[in-house]
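What follows is a set of notes on a single structure, which appears directly below.
Nothing in this text is a laboratory measurement; each read-out follows from the coordinates by a stated rule. It should be emphasised that the depicted structure is a prediction, and the values quoted were computed from it without experimental measurement. Every residue, glycine among them, receives a Cβ derived from its backbone with ideal geometry; neighbour counts consider all protein chains shown.
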Ligand code: DGL
């Protein structure tokens, strides 16, 4: 897997949580990250619009030399994965299937609550992927959480209150026995401490960022993206190449400065090599 070029696509900053997970699992790859910051958020847009943006981004990453595409954005995966696959000539991995598989491995009660943007939830892409692995799901759109994370309020009483309201509404009635909360949005891994506090005690948080990183590793090593539960913990010891960011290149459609500032919070390390790009519509 050394020197393989992986293209990571997201609507903006959030996909850096996926890049962070990829760096832990596949530290030796070369990474091209595309953040469509001028056109975010995707989470409130239509299928047609998101699919067009995503195809353009995929084409750009391929032109830059990506040999595998990871669609970090849950909304783009939910709305346009098939269209991206058709437009691309390299393998394309989305976050939803790996997330659903990991949720299935973690659930005893076979009931899972999924949270995501308005567009992801109304597509029911997670519900379908979970049904395919015999999991009953309740989907809950949490549109206020993305702006709160981007504001930096990841440990804030207001965010905790908002999360509590959303999740109390989800973990009730038939779903009070749900034992997994599937984080179906790039921004939510940053809210793990708060989310742990507001869900019932026995609930496991499953992060689609970690799941897709493991699926990418499996795809590169064995040609299949089927993630074995628990495998990630072992490969994590490979470590992060924190000291050498030369294998990371970033492309954004809006301000380079803003990406550097906000992105550091998502990636947990300084972001250096950022290029502004304009995509033709
Ligand atoms: N990246 C999006 C997702 O994971 C969240 C931000 C947006 O709406 O663009 O669904």
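Of note:
- Volume per residue of the convex hull around the Cα atoms, evaluated for segment 119-211, comes out as 96 Å³.
- Computed from Cα positions, the angle between helix 157-170 and the longest principal axis of the chain comes to roughly 60 degrees.
- Helix axis angle, 47-63 relative to the chain longest principal axis, alpha carbon, degrees: 40
- Considering segment 1-88, its Cα convex hull presents a mean projected area of 5.1 nm².
- Our note on the geometry: Cα centres of segment 72-87 and segment 119-149, 15 Å apart.
- Relative contact order (%) - criterion: Cα under 8 Å, at least six apart; region: segment 74-128: 50
- Relative to the current alpha-carbon distance between residue 86 and residue 151, full extension at 0.36 nm per residue lengthens the span by 19.8 nm.
- Put simply, the Cα atoms of the chain extend 49, 39, 38 Å along their principal axes, the longest span coming first.
- Calculated on alpha-carbon atoms, Rg and Dmax of segment 42-135 in Å: 14.0, 45
- Binned Cα-Cα distance frequencies in segment 1-41 - 5 Å width, integer %: 6, 25, 29, 20, 11, 6, 2
- Structure-based [θ]222 nm, the chain - -39500 (n - 2.57) summed over DSSP H runs of at least 4, per residue, nearest 500: -13000 deg cm²/dmol
- Inter-label distance, nm, simple model (7 Å from Cα along the C-beta direction), residue 161/residue 196: 2.4
- The modelled label-to-label distance for the pair residue 254/residue 64, using points 7 Å beyond Cα in the direction of Cβ, is 1.8 nm.
- Peptides ranked, highest mean first, by Cβ atoms within 10 Å: ranges 193-200, 38-45: 38-45, 193-200
- Length released on extending from residue 136 to residue 122, taking residue separation times 0.36 nm less the Cα-Cα span: 3.4 nm
- Computed E for residue 28/residue 270 - FRET, C-beta separation, R0 25 angstrom, nearest 0.05: 0.80
- Taking every C-alpha pair closer than 8 Å and separated by at least 6 residues, the mean separation divided by the residue count of the chain gives a relative contact order of 25 percent.
- Summarising the label geometry, the points placed 7 Å from Cα in the beta-carbon direction at residue 176 and residue 38 lie 5.2 nm from one another.
- Nearest-ten-degree value, helix 74-87 long axis tilted from longest Cα axis of the chain: 50
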